[in-house]
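Working notes, structure below.
The values are calculated or read from the model by the stated rules, or taken from the named source; none is laboratory data. None of the values given here were measured: they were computed from a predicted structure. Counting neighbours? That spans all protein chains shown, and the Cβs are built from the backbone with ideal geometry, glycine included.
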Amino acid sequence: MAVVVFLKGINVGGHRRFRPSVLAKELQRFDVVSLGAAGTFVVRKPVARAALRAEIMRRVPFEVHIMICSGSDILRLVSANPFDGHATGRDVIPFVSVMATRRGLVSAFPVNLPAEGDWSLKVPRCQDRFVLGLYRREMKAITYLGQLEKVFGVPLTTRNWNTIVGVARVLRA
């Protein structure tokens, strides 16, 4: 089964610039598909995760967190339709954060940031290594996304739900 690779913190605010499409071409022997500029890849040929991680680290010109998960985990997540019943739209954006490792759950869900008053970011639940959340389209939401690592105690990287659905489309193709 294919694996999915998420790189953390590239091409953010003009820092740590990197071209994922170039990396995908360099790793073409693994049949790698790049999705967008954030460092999301589907690796369709079998490869040991340790070998894939080493190849990526060798080719990325700066230190980067690499989250690798099974394609079947992504397909299971998408087929569960985790945002069904949650109000989403132009001003409320669903997202998935991928934890570097599975972690014990925080004490209570939902997690709302800020904790008092109207939320800018809400995490209704987790599923395996996936933090499932919603954020309001406002500048302070970015700050709250950055606080999720403290809440869960592990590095994580965040993608829009549309990106995760796009990954599932590539996996099914």
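In this structure, Ser21 qualifies as over 26 Å from Arg137 (Cα atoms), among the hydroxyl-bearing types (Ser, Thr, Tyr) and more than 17 Å from the chain's Cα centre (by Cα).
In this structure, is Leu121 in the same structural domain as Ile142 (by TED's automatic domain parsing), closer than 17 Å to Arg159 by Cα and not basic (Lys, Arg)? Taking the combined requirement at face value, the residue satisfies it. Of all residues in the stretch 28-49, those satisfying the criterion of being outside any helix (DSSP H, G or I) and among the charged types (D, E, K, R) are Asp31, Arg44, Lys45.
Filtering the stretch 77-88 for residues that are aromatic (Phe, Trp, Tyr) and over 22 Å from Ala37 (Cβ atoms) leaves a non-empty set.
Okay, residues lined up against (1) of a type outside the set (Val, Ile, Thr); (2) surrounded by 19 or more Cβ atoms within 10 Å (Cβ to Cβ); (3) more than 18 Å from Ala168 (Cβ to Cβ):
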residue	(1), (2), (3)
Ser72	yes, no, no
Asn81	yes, no, no
Asp84	yes, no, no
Ala87	yes, no, yes
Met99	yes, yes, yes
Phe109	yes, no, yes
Cys126	yes, yes, yes
Leu132	yes, yes, no
Arg137	yes, no, yes
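Just to be sure, is Ala141 among the small types (Gly, Ala, Ser) and free of Cβ contacts under 8 Å to residues at least 12 places away in the same chain? Before you say what the answer is, go through the steps one by one.
Working: among the small types (Gly, Ala, Ser): yes; free of Cβ contacts under 8 Å to residues at least 12 places away in the same chain: no.
No: the conditions fail for Ala141.
Condition test on Val167, is it touching a residue at least 40 places away in the same chain (Cβ under 8 Å) and surrounded by 13 or more Cβ atoms within 10 Å (Cβ to Cβ)? Quick ask: steps written out before the conclusion?
On the way: touching a residue at least 40 places away in the same chain (Cβ under 8 Å): yes; surrounded by 13 or more Cβ atoms within 10 Å (Cβ to Cβ): yes.
So Val167 passes the test.
Given Val154, Val170, Val92, Val165, which one is among the β-branched types (Val, Ile, Thr), over 13 Å from the mean Cα position of the chain (by Cα) and modelled with pLDDT of 95 or more?
On inspection, the qualifying residue turns out to be Val170.
Counting only strands (runs of 3 or more DSSP E) that sit wholly inside the stretch 61-173, those with at least 1 residues that are within 30 Å of Ala2 (Cα to Cα) are 65-70, 92-99, 121-127, 130-136, 156-160.
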